[in-house]
Amino acid sequence: MTPHPSPDCSFVFPPHPAWVRAAREAVRTLLAAARRSDLADTAVTLTSEAVTNAVNACRAKGCTTPVTLVAEWTGPGHLRVLVHDGAAGLPVRGHVATDEDESGRGLMLIEHGADAWGVCAHGPGPGKATWFVLGVPTARTARACWSSERKGETGCTDCAELLAAQRRAVDDGGTHQAVQATVAVRQHVQEVHAS
């Protein structure tokens, strides 16, 4: 029996709350196309949290760089969703939301809902990527770059260059160039930073 093809998707959008729903629906559509409705509820919820965190970080820091969402199959049934934003700083961990808080649960939901997750800030730029994996039958793990050290020479300069090229392509409005730049970012992340 031949397995169903597993499509991937990339989505670049302005850091505005109106785009959170579109990001969720992109992941829902990807899962429907791959016939993996078993992952849909969790994937859509965690995507919503990661994208909302990215949008909120951009708005708080005055960052207008587009947010990038990449959803891809990294192995048989293993879905990885990565959300990159250009806002400086890493998310704050350790804040425990109370019943009265209207926010503050995003990373907690990702941590408890994902099979693996992390936050990485490779490269000399101010941005970061929050990622999670679903469909992995092993124990849940978290890998994160939570250091407060300044990124620089030890970071991944290829990430910074590829993301800068992607931003220029999106800003210039050339659809073909934006797609090519997004594919280049995705291939780099997959080949160099995926484990």
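Descriptive notes on the structure:
- At R0 = 25 Å, FRET efficiency that the Cβ-Cβ distance of Ala88 and Ala22 yields, to 0.05: 0.50
- Exposure ranking of Trp73, Trp117 by accessible area [1.4 Å probe, largest first]: Trp73, Trp117
- Net charge, Gly135 excluded, C-beta distance under 10 Å - Lys, Arg +1, Asp, Glu -1: 0
- Highest mean packing first, where packing is the average number of other Cβ atoms within 10 Å per residue, the peptides 17-30, 39-52, 56-69 line up as 39-52, 56-69, 17-30.
The values are calculated or read from the model by the stated rules, or taken from the named source; none is laboratory data. Please read these numbers as outputs of a predicted model, since none were measured by experiment. All Cβ positions, glycine included, derive from the backbone under ideal geometry; neighbour counts span all protein chains shown. For accessibility, only protein heavy atoms count, side chains too; no ligands or nucleic acids. Shrake-Rupley method; radii C 1.70, N 1.55, O 1.52, S 1.80 Å.
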